[in-house]
Amino acid sequence: MRDHYKGYRLPKSVIGFAVRYYYRYKISLRDLSEMLQDRGLSVTYETIRNWCQTWGPVYARDIRQKRGSAFKDKWHIDEVRVKIRGSLLVMAVD
């Protein structure tokens, strides 16, 4: 597996860190840029914004595929029980 995405000068781990923190913790782009600057990387907030637009949907799709959908099962209601003023009403639904 390559350490860099094609056309990007920084490693995947840095891009993934920035995108993940932006979406997960709702950190502003400028704050995220300062966080990376504290770690010795000079990245503008516009670059991080472009990463988020490009890689955010890709990461989200991968997470959904790995986790699986919670809505795979289908539930069908065939009977409804409702209590109205103390009397029980049972309805069959086709």
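The values are calculated or read from the model by the stated rules, or taken from the named source; none is laboratory data. Not measured: the values here are computed from a predicted model. For neighbour counting, all protein chains shown are included, and Cβ atoms are generated from backbone atoms with ideal geometry for every residue, glycine included.
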Practice prompt. For region 31-58, enumerate the residues that are β-branched (Val, Ile, Thr) and farther than 15 Å from TYR8 by Cα.
Written response: VAL58
Fill in: Residue count, region 6-25 (criterion: more than 17 Å from the chain's Cα centre (by Cα) and touching a residue at least 12 places away in the same chain (Cβ under 8 Å))
2
Worksheet item: Within region 44-62, is even one residue at pLDDT 80 or above, surrounded by 10 or more Cβ atoms within 10 Å (Cβ to Cβ) and of a type in the set (Gly, Ala, Ser)?
Response: yes
